[in-house]
Structure formats: C-alpha cells, structure tokens
Amino acid sequence: MTEFLNQFSRRKFIVTAGASAGAVFLKGCLGNPPESAGGGSTAQPTAEQVANTGSEQKPETTTVKLGYIPIVESAPLIIAKEKGLFTKYGMNVELAKQASWGAARDNLEIGSAGGGIDGGQWQMPMPHLITEGLITKGNQKIPMYVLCQLITHGNGIAIANKHQGKGITLQLASAKSIFTQLKSSTPFTAAFTFPHVNQDLWIRYWLAAGGIDPDADVKLLTVPAAQTVANMKTGTMDAFSTGDPWPYRIVTDKIGYMAALTAEIWKNHPEEYLAIRADWVDKHPKATKAILKGIMEAQQWLDNFDNRKEAAQILAGRNYFNLPSPEILAAPYQGKYDMGDGRKIDDKTMAAYYWKDEKGNVSYPYKSHDLWFITENVRWGFLPKDYIANNGAKAKELINKVNREDIWKEAAKELGIAAADIPTNTSRGVEEFFDGTKFDPEKPEEYIKSLKIKKVSI
C-alpha cells in the first residue's frame, strides 16, 4: 500500500482539466477557493416556484455548492441550473467551476463551510479513493456517496498529426513497430488530465488491447487539458485522452486527429458521476433527492436532440465553457465527428447520452460499473489485488458504502419516473469491449487473468 500512496503524491494531482477553447488555464490553482459560475438567480426559491412542497419532500436546506469541470460531462448540472430545475425542487444550487481535478478534491476536503464544495462532478473511482483516504491530505478518510451517472460517451483518443498514416487508429496491431522504434529513442508520449481514473484508464485499455504496454512501451504523463494543443504543436506530446469539446478543437486546428472515440472502445460505457460528501447527504436526505430530481429532468431534456443546439449555446457561454462558438459542441452532440484522418462518423448512437442509451438507463449508478473502475486500478497496480480477491469481496464492500443507488431510486419514484426506466438490478451484467474482452462483475479476478497486458500478477 505504501507504493500506492506514493503514486498518489499530491504533486501528481496538481493537474488542470479546464476546457476553454482558447487553450488558457482556468482561474485559480490547487486548493484555491472555487470560482462560482453560471447564470440564473442566486435568490432563495419562492413557494410558487417550488414543486412538491409537501413536508414529506421539503428539503432540509435550500443551499448546496457543487463543483464542475467545463466538459460535456457537467452538462446536467449546468442545464438544471439554467433551466430552473434545481429551483423547481426547492434547491438554490451554486455551481463552482474547478481549476483542476486536484482542486476539486481539495475543495471537497474543506467543504462549502470552509469555502470549498459539498460535492459535484467526478471521474471514477475518485469518490471511492477519497472515501478510503488514499488521495487526501494525511490520508484522511472522507466518506462520499455516488448518487448518479452524469453521462455516457463524449470522450476520445487524440493523436498528433505527425503520426497520420502510421496505423495508429482504434486497432493498433499494425502500429506496434512504430511504438517499438520510438521506445529506443524518444518514447511515444501519451497524456491525460488525472491519474488512475477515467481518462487514464481509457488510454491504457486502448493501448493494451493493441499489444502496447502502457507502462513499458510508452511514456504516460498527467498534462493540463489547456496545454494539449500547445504540446501537440511543439511535438512534445503524441496522444491525449480527452473529452468534448477538445476533440473538435484538436481536429479543426489541424493539430491532430482522433484515433478512437470511447464509444468505439466500449459502447454505452460509464463515464463521470455526481458524488457528494456523505456527511452532507446524511444530514440532508430530502435535499439530496431534490438535487437528483433536478439533474434527472436535465438529463431527459438533454437527451431530446431537438434541445441540443440550445444546450450547446448555454454550455459554450462565458460563464461555463467560454468557447468561441457553440458549433464546437453542436456537431458532436448530434453524433457527428470529423476524426481528422479522413474518417467521419455520423451516428447518433455514438453521441453523448445523459438519460437513456441502447442498454437502458444512463443516469442510474450501476454498482457493477464501480467494480470495473476498481478492477482496472488493481490491474495497473494502483490498488492492491486483495480488493478483487474472493470475487471482489473487498471492492464490493467499499462500493456498497459509496454507491447510493437506493437514493437514486427513491428520487426517481418521487419524480414519477416510469417503473420500466428504474433498473431492478445493481449490475448491468457482462460488459464487452471492442477487442472482444468481456468483464463479468461476478468474476473480476477472471477478467484480469484473461488480460495479456497488466501490472498485477494473479
């Protein structure tokens, strides 16, 4: 465990995940108070504005502070704010733009009472690692609750233009020699915004599926998203695991191309989540459900493709993503991707989804997905292998503490969501990836044993 904790040194968490199209850093630095953002009134909601004001559902508090990173995963929070959906359920939600994932973690530690945040948008499995005290100051355990999934899809693997035509695409088998040649001189350098979570895991899975060892055959870096364009221009970075609106920017600026969308790597995959400090939720269970109701309505609004032009305009605004044009989001929101290497995708099933996808409910936080993120952390040596021993008993114990799908269900029922749209099983079952690998959440050890490239020995 000591090695694991060393890997999570605070220096490695000073990373920025801002997504301004001007390629500049967001305001603030690690540990600074978050910047409030977003339009709409900050006044307390009036009785006339509030739905379901009966005492049995009236929130214990009307205020909460949620952090977000300006990428498409944060859209449900922003739309719920801008469309008055939080207010509708009696909540005055303050959205605070975070300078980095590390800053979000720090601001969660101090809480809103100390000038930080109560929760917000997270890559996985950050809530579990924070709960375990593995990435906090002094290894302080800060219990968190995962409350809903915010989105599926919306991410991709970007490659510098100098590698055009070398076979560095979704399937890497024909490009292995390129990585071998570079390894002896200047290794292929790939970057992500935060170690050991979504974007790191996507690029690792893609490389390993193509026979490339991400720990031995390439150089992996944590790089602020705002530096990706500059780093690709100067040739100091070969690849980047990124989320919209960055893929469009990299292609339109003719700096790179997209080798793969995460929707191609794992169709209908889990992405980022809403998680809040457990002490806040335990103290405010009705307020928590009110927040969820607002987000659920926002997710349904976002999944109406007729609303996506307006959504792109809202998100692109100065208060949120600060993009020069909403068109940077508009095309990907319709499942239209110019991959930059001659390949074009026009497939709505590849677009970002917030409420429902081909496999069912997106918003519901399946515990089996939490287990995949933890299992991948074991695979790469970020967590000890005892987490997945005995069919993942230790991991599942942690997941049962952190994942509060029961609260999601309560909120959904109070909101009047159709029973058919409320999952009855905490597992989505066996998942399959683009290389044919399957993950059975009942057998995480067998999954790792089936993988040719891994750091852990099982």
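The values are calculated or read from the model by the stated rules, or taken from the named source; none is laboratory data. Just so you know, these numbers come straight off a predicted model, no measurement behind them. Neighbour counts are summed over all protein chains in view; Cβ atoms, including those assigned to glycine, are modelled from backbone coordinates with ideal geometry. To get the accessible areas, we keep the full protein, side chains included, count just its heavy atoms, and leave off ligands, DNA and RNA. Shrake-Rupley method; radii C 1.70, N 1.55, O 1.52, S 1.80 Å.
Every residue, every condition in (1) under 30 Å from D215 (Cβ atoms); (2) of a type in the set (K, R); (3) open to solvent by 60 Å² or more (accessible area, probe 1.4 Å), yes or no:
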site: N390; (1), (2), (3): yes, no, yes
site: F433; (1), (2), (3): yes, no, no
site: T437; (1), (2), (3): yes, no, no
site: E442; (1), (2), (3): yes, no, yes
site: K455; (1), (2), (3): yes, yes, yes
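Go through the stretch 358-374 and give me each residue that's of a type outside the set (G, A, S) and either closer than 16 Å to I265 by Cα or touching an Asp or Glu at 6+ places or on another chain (Cβ under 9 Å) (or both).
E358, K359, N361, V362, Y364, P365, Y366, K367, H369, W372, F373
Go through the stretch 138-153 residue by residue and tally those that are assigned to a loop (DSSP other than H, G, I, E, B) and under 16 Å from H269 (Cβ atoms).
So the answer is 3.
Just checking, which of K438, K455 is out of contact with any Phe, Trp or Tyr (no Cβ under 6 Å at 6 or more places or on another chain) and of a type in the set (K, R)?
Exactly one residue qualifies, and that residue is K438.
Looking at (1) outside any helix (DSSP H, G or I); (2) modelled with pLDDT under 95, which one does E94 not meet, given that it meets all the others?
(2)
From the list P76, P59, pick out the single residue that is at pLDDT 95 or above and either out of contact with any helix residue (DSSP H, G or I) (no Cβ under 7 Å at 6 or more places or on another chain) or in a helix (DSSP H, G or I) (or both).
Residue meeting the stated conditions: P76.
Taking Y366, is it open to solvent by 10 Å² or more (accessible area, probe 1.4 Å), among the hydroxyl-bearing types (S, T, Y), touching a residue at least 12 places away in the same chain (Cβ under 8 Å) and within 19 Å of A275 (Cβ to Cβ)?
Here the answer is yes, as Y366 does meet what is asked.
Taking the condition of being surrounded by 19 or more Cβ atoms within 10 Å (Cβ to Cβ) and either among the aromatic types (F, W, Y) or in contact with a strand residue (DSSP E or B) (Cβ under 8 Å, 6 or more places away or on another chain) (or both), how many residues in the stretch 300-318 meet it?
Here the count works out to 1.
For the stretch 184-195, how many residues are out of contact with any Leu (no Cβ under 8 Å at 6 or more places or on another chain) and crowded, with 16+ Cβ neighbours inside 10 Å?
3
Considering the stretch 319-342 alone, what residues qualify as being farther than 28 Å from H163 by Cβ and open to solvent by 70 Å² or more (accessible area, probe 1.4 Å)?
Of everything in the stretch 319-342, those that are farther than 28 Å from H163 by Cβ and open to solvent by 70 Å² or more (accessible area, probe 1.4 Å) turn out to be N319, N322.
Condition check: closer than 15 Å to A275 by Cα, open to solvent by 10 Å² or more (accessible area, probe 1.4 Å) and without any contact (Cβ under 8 Å) to a residue 60 or more places away in the chain. Does K81 satisfy that?
Taking the combined requirement at face value, the residue does not satisfy it.
Just for strands (runs of 3 or more DSSP E) wholly inside the stretch 198-276: which have at least 3 residues that are out of contact with any Cys (no Cβ under 9 Å at 6 or more places or on another chain) and surrounded by 20 or more Cβ atoms within 10 Å (Cβ to Cβ)?
239-243, 256-261
Just wondering, is there one or more residues in the stretch 444-452 that are closer than 30 Å to G335 by Cα, open to solvent by less than 60 Å² (accessible area, probe 1.4 Å) and not in a helix (DSSP H, G or I)?
No, the conditions are met nowhere in the stretch 444-452.
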